[in-house]
1. So how strong a dipole does the chain carry about its Cα centre when Lys and Arg Cβ are +1 and Asp and Glu Cβ are -1, to the nearest 20 debye?
2. With charges set only on the Cβ (+1 for Lys and Arg, -1 for Asp and Glu), what does the dipole of segment 208-341 come to about its Cα centre, in debye to the nearest 20?
3. For SER117 and VAL55, what is the calculated FRET efficiency with R₀ set at 30 Å and r taken between the beta-carbons, to the nearest 0.05?
4. Mind counting lysine pairs for me in segment 189-337? Cα separation below 14 Å, and the two need to be 8 or more apart along the chain or on different chains.
5. Once you put a point 7 Å from the Cα of GLU176 and another 7 Å from the Cα of ALA2, both along the Cβ direction, what distance in nm separates them?
6. Using helices alone, what [θ] at 222 nm do you get for the chain, with -39,500 (n - 2.57) per DSSP H run of 4 or more residues, divided over all residues and rounded to the nearest 500?
7. Assign one of three labels to segment 156-274, namely rounded, prolate or oblate, based on the Cα gyration tensor with a ≥ b ≥ c the square roots of its eigenvalues; rounded applies when a/c is under 1.5, prolate when it is not and a/b is larger than b/c, and oblate otherwise.
8. Using only Cα atoms, find the angle between the long axis of helix 349-362 and the longest principal axis of the chain, and express it within 0 to 90 degrees, rounded to the nearest 10.
Amino acid sequence: MAHRILVGVPPKHHVLLSRDEIDGFTDLGYTCKPVSYGRNDSSAGKLNKLWGVVVKAFNIVKELYAFSPDILYLNSRFEPVGTTRDFITVLIIKLFYFRKVKIVIKTHGSDISILQSQSFFYRRLVIPYLRQHVDAWFFLSSEEKELVRQYDAGLARKIFITANIVDPGRSVASVEFREKYALDENKFKVLFVGRIVREKGVFSLLQSIPRLGCKEECQVIFVGDGPDMNALKKEAEALKITKYVRFAGFIPDHECDHFYANADILAFPTFFNEGFPMALFKSVAAGLPVITTRIRAAKDHLSSPDNALWVDGESPESVATAIDTLYNDHALRKTMSNNNRQIAVKFTRREVCAGMHQVMMAI
């Protein structure tokens with residue numbers, strides 16, 4: 001009889017990624033069923049958010065009884081809000097579900113400060129309870145596991161490193177796409193994709209433009225939206241560099257993926273607590289040379305100058321130097337492109353799900 005997995009699918013972010021995992025597990029012989037799990041409406045009040053977590057937890061209990069899986073697999077984050085949601089959910093499951101089920105959580109990014117907290121709620125209740133009742137925890141970088149080990153060796157022993165699935169076939173180069181989004185055929189296109197917040201390095205990238213020796217040949221494209229978008233646009237006006245910049249705004253994933261095949265390089269100088277940033281690894285799979293910071297999964301899978309140029313995410317000078325280097329060195333860009341396409345084999349549906357399958361069978 002095939003093993004059965006109830007998969008917690010986020011309502012907004014990582015939906016396609018969860019579907020890819022379901023397809024990958026199905027290819028391996030699992031029987032899968034999705035159930036909604038993840039972030040509530042960010043504009044809702046605290047009580048409404050709490051109520052939303054409780055409602056979703058009881059819905060998971062209902063689906064557990066209906067489907068009777070061997071494994072409950074939840075996509076989440078290891079940080080105060082996400083971990084509190086996991087704690088409430090697992091608690092309700094343990095109180096109201098009376099059959100055996102293994103619980104596996106995959107965390108898309110982490111904030112280790114939760115393990116440094118002196119709060120009784122986290123230190124004595126939440127973390128110990130999850131350590132006891134979660135059977136395996138997938139993290140997206142060895143750096144995160146090592147950080148956890150420094151504060152909680154018992155929890156670290158339940159952590160396994162995985163990756164996200166990346167499908168390069170979803171990114172297609174075309175004149176029509178470049179015309180649709182006003183991507184200049186005659187310019188060197190520097191791409192950023194992500195949430196527009198300072199921690200993603202967007203201001204460092206913008207402020208690098210006046211320092212570029214090649215700025216007259218460049219178009220810098222920001223794809224995404226976020227709370228710092230207005231401030232970023234005002235900064236572009238203050239620096240008098242709007243003619244070099246294209247703000248595309250939020251683009252749905254299925255459309256956004258095509259930007260990678262229609263740019264020349266990715267500039268992603270994040271200093272946020274990323275796990276496995278999809279913009280970075282979709283660029284790698286599309287064969288883009290990349291500029292990024294040496295943290296988390298980037299450090300695990302990439303090296304400089306074979307795949308990326310490392311920068312200081314808070315230094316516009318560092319970013320400008322890297323962009324000028326890639327602009328002026330066609331051979332380096334070609335080598336990076338070829339190397340990155342080869343690395344992308346590790347992130348196929350088959351490879352990622354096979355690794356997770358080994359862990360699930362072990363538990």
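1. About 1280 debye.
2. 140
3. My answer for the efficiency is 0.65.
4. Going through segment 189-337 pair by pair, I get 6.
5. It is 3.5 nm.
6. Mean residue ellipticity, 222 nm, calculated: -13000 deg cm²/dmol.
7. oblate
8. 30
The values are calculated or read from the model by the stated rules, or taken from the named source; none is laboratory data. None of the values given here were measured: they were computed from a predicted structure. Positions of Cβ are backbone-derived with ideal geometry, glycine not excepted, and every protein chain shown enters the neighbour counts. Side chains are part of the model used for accessible areas, which takes the heavy atoms of the whole protein and leaves out ligands, DNA and RNA. Shrake-Rupley method; radii C 1.70, N 1.55, O 1.52, S 1.80 Å.
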